[in-house]
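Read the figures in this text as sums done on the coordinates, not as results from a lab. Everything numeric here is computed off the predicted structure, so don't read it as measured data. Glycine also receives a Cβ, built like all others from the backbone with ideal geometry; neighbour counts cover every protein chain displayed.
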Ligand SMILES: Nc1ncnc2c1ncn2[C@@H]1O[C@H](COP(=O)(O)OP(=O)(O)OP(=O)(O)O)[C@@H](O)[C@H]1O
Ligand SMILES: [Mg+2]
């Protein structure tokens, strides 16, 4: 019997104690437009973002990631629901009164100011003393390694440098939360990788809660402490990268992140096991609230499947190899199942031949998906 | 050494050929420019030269000029000549008219900036498909002759006009406040006449304003006023400079507005100049006044543009 505790239903309160929560959104609904053109950008979103964590909103274009960030920043007001920041209701506060700063996708640096003045702008607007602004600006310049460019105009910077200035500018006032809306999407791949590491380092050094938006699943998996996967205005699943990757609770989450094999099966033993089409029965990991019997979809990662002889004891499924693709770090072996359908098996080494009959080994327990 | 000479000879020939083609290109360039130069000369420099020459001649008794050199026109600007003994005494009459005109024009410029900025911002923040309609409405008064529009203003602000009547009707005043034929009337008229010249360049630069910068400033603890001061105004600076120039210059030389709304009693430079070529029959003095006005405008513009340019760069 393998029920799951790691996967939390996003609708229920999480295990974290209240004092560990930085942002608490409760039943947030946000719509745009009226009548027929009405769009529900956020549909009853409830989520907790903890202190000092690198939290990522991951989802396809138009799923409401930016909208959620704008609600936290105060640029938009929710139609319904509330947002608490460090235990305080902030719904009535305008953006300039929230201890939350944003790194915009377009950077939005002030073109009529130098790099240093851009970075000091937040503190200047807060009316901090000149000396304090100066030290903080220098500190930030050092943090993002831009000391030598302090007096440049911002339009004389490269994309990566602008990115660093935007980061420093948002971090300088030491906000409680830093919101980052796809900050790396304008950078080329190499710079992007560099900035991913840089961002992670900055988050660690400053201890500020980062809420990071991306639609790049690899970026989300490498950088985040926890990920919220969104679709069509809803948060489908919240969890650590490992939980999200290994135990996707929803079909959409499984499909969206990496390659995955989705097979049909039937639950047995009050949901404790699942019967595969080939007749083998293996353990089932049920998401909370899922039905305990009937036909279900199960998900197995390609790298969690093994190739064996068709008559081996651990061959839960059998099929015929249709294609083998070498991709450098390993091989993708495509297998047509005897019962119909195709699966992908990923192995570092393989001696399988196209056309050969093979058996497929699956993990002891597999993830059951909810649609 | 022997082959140097022919080479130099070739070089010289090449250089000569190049000189010839370049000469031809230069000639062609002048030919193409000539219509423009002719028009600038005929309608720009030539009248200016006449004005300059006339300002150093003596007035004819029935208008026009006598071809006798005289600096009287410029002397008259600052001094009164005694009719009996020809002694000069300082007189501030014309200086005062200049000062008043500059004051009114400056006031009108600032006034139209204060009214024009929110208007332009309002239009620029409308959805793109509605902006043209608003711009059309702003320029609509221009479809009516300035004279007619000024008479309309006159009807509005006179003692029996809509302003006074409604103020009396609401009981705020019991005697009409005399606006007409005062500086206030001219001030209102100037702002009304030249407001679109302020709104259009302001709109042009505000429309280009990246609204994400405004959001970024809000996000960085700037209140509405601070956003205006630190982001919107600096970014709209080219529009502000252009708008101020476009309002100040015509306002300074305005003729119809002070003539009708000032009742001919409250003179501005434009009226003073017109008077010299009309009733006063002193063309040289009129020409001198026009030239002095031109110098004043040029000097103040240079200073203004220098100053605003420097401030723009100094930021940051
Ligand atoms: N100001 C607005 N007016 C009308 N509709 C809007 C507005 N802002 C967002 N929407 C709609 O709300 C939905 C969610 O938009 P949002 O910008 O949050 O998506 P996103 O997840 O950030 O997408 P992307 O990855 O493309 O940035 C979309 O359908 C979008 O069209
Ligand atoms: Mg977005």
Could you work out the mean projected area of the convex hull around the alpha carbons of the stretch B:85-124, in square nanometres to one decimal?
3.2 nm²
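Based on Cα coordinates alone, diagonalise the gyration tensor for the stretch B:92-223, multiply each eigenvalue by 5, take square roots, and list the semi-axes in whole Å, largest first. Walk me through the numbers before you get to the answer.
On the way: eigenvalues 224, 77, 59 Å².
Largest first, the stretch B:92-223 gives 33, 20, 17 Å.
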Cα atoms only, the stretch A:282-371: Rg and Dmax in Å?
14.1, 43
Kirkwood hydrodynamic radius, the stretch B:133-173, all distinct C-alpha pairs: what's the number in Å?
11.8 Å
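What's the extension gain from residue B:58 to residue B:33 if we count 0.36 nm per residue and subtract their Cα-Cα distance?
Values: separation 25, 0.36 × 25 = 9.00 nm, distance 3.78 nm.
Here the segment from residue B:58 to residue B:33 would lengthen by 5.2 nm.
Using 0.36 nm times the number of residues separating residue A:82 and residue A:148, minus their current alpha carbon distance, what extension gain do you get?
Details: separation 66, 0.36 × 66 = 23.76 nm, distance 4.36 nm.
Result for the pair: 19.4 nm of gain on full extension.
What FRET efficiency, computed as 1/(1 + (r/R0)^6) with R0 = 22 Å and r the Cβ-Cβ distance, is obtained for residue B:208 and residue A:106, rounded to the nearest 0.05?
With R0 = 22 Å, the Cβ-Cβ based efficiency is 0.90.
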Taking chain B as the region of interest, what is the percent of Cα-Cα pairs per 20 angstrom bin, listed from the shortest bin to the one with the maximum distance?
22, 43, 25, 8, 1, 0
So what's the gap between the Cα centers of the stretch A:18-82 and the stretch B:31-102, to the nearest angstrom?
72 Å
If the elastic network links every pair of Cα atoms under 10 Å, which of A:325, A:358, A:100 fluctuates the most in the Gaussian network model of chain A?
A:325
Please report, in whole Å³, the volume per residue of the convex hull around the C-alpha atoms of the stretch B:232-274.
71 Å³
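Of all the Cα-Cα pairs you can form in the stretch A:181-259, what percent are over 15 Å apart?
Numbers: 1775 of 3081 pairs.
That fraction is 58 percent.
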Can you give the extra length, in nm with one decimal, that the chain gains between residue A:138 and residue A:281 once fully stretched, where that is 0.36 nm per residue apart less the Cα-Cα distance?
45.2 nm
With the protein assembly as shown reduced to its Cα atoms and the Debye formula applied, log10 I(q)/I(0) at q = 0.06, 0.12 1/Å amounts to -0.63, -1.26
Out of B:87, B:184, B:150, any idea which swings most in a Gaussian network model of chain B, alpha carbons joined below 10 Å?
B:87
Could you tell me what a quarter of the Cα convex hull surface of the stretch B:21-131 works out to, in nm² with one decimal place?
15.9 nm²
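With viscosity set to 1.306 mPa s at 10 °C, what whole-number translational diffusion coefficient in µm²/s follows for the stretch B:67-169 from Stokes-Einstein and a Kirkwood radius over Cα pairs? All intermediate terms of the calculation are to be shown ahead of the outcome.
Details: Rh = 18.9 Å.
After rounding, the answer is 84 µm²/s.
Write down the Kirkwood hydrodynamic radius of the stretch A:237-343, to one decimal in angstroms, obtained as one divided by the mean of 1/r over all alpha carbon pairs. Don't skip to the answer; put the middle values down first.
Details: mean 1/r = 0.0663 Å⁻¹.
Computed over the stretch A:237-343, the radius equals 15.1 Å.
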Using a Debye calculation, one point per C-alpha and no hydration shell, please list log10 I(q)/I(0) for the stretch B:168-316 at q = 0.18 Å⁻¹ in order.
-1.07
Computed Rg/Rh of chain A, alpha carbon atoms with Kirkwood Rh:
1.06
Cα-based Rg then Dmax for the stretch B:32-76, in Å, read 14.4, 46
Site residue B:280, offset 7 angstrom along Cα→Cβ, radius 11 Å on amide nitrogen, limited to the stretch B:72-116, gives B:73-74, B:76-78, B:93-95, B:97-98
Where is the GNM fluctuation largest for chain A (alpha-carbon springs, 10 angstrom cutoff): A:43, A:270, A:86?
A:270
If you average the C-alpha positions of the stretch B:268-292 and of the stretch A:153-189 separately, how far apart do those two centres end up, in angstrom?
62 Å
Helix-only mean residue ellipticity at 222 nm, the protein assembly as shown, DSSP H runs n ≥ 4 weighted -39,500 (n - 2.57), per residue, nearest 500. What is it?
-14000 deg cm²/dmol
When the scattering of the stretch B:225-309 is computed by the Debye formula from its Cα atoms alone, each counted once and equally, what is log10 I(q)/I(0) at q = 0.12, 0.18, 0.22, 0.23 Å⁻¹?
-0.51, -0.83, -1.02, -1.07
From zero outward in steps of 5 Å, how is the percent of C-alpha pairs of the stretch B:1-50 spread across the bins?
5, 17, 11, 12, 10, 9, 9, 7, 6, 5, 4, 3, 1
Averaged over peptide A:101-110, how many Cβ atoms belonging to another chain are found within 10 Å of each residue's Cβ?
5
May I ask for the distance between the Cα centers of the stretch B:106-156 and the stretch B:209-254, given as a whole number of Å?
18 Å
Expressed in nm², what is the orientationally averaged projection area of the convex hull enclosing the Cα positions of the stretch A:24-116?
8.0 nm²
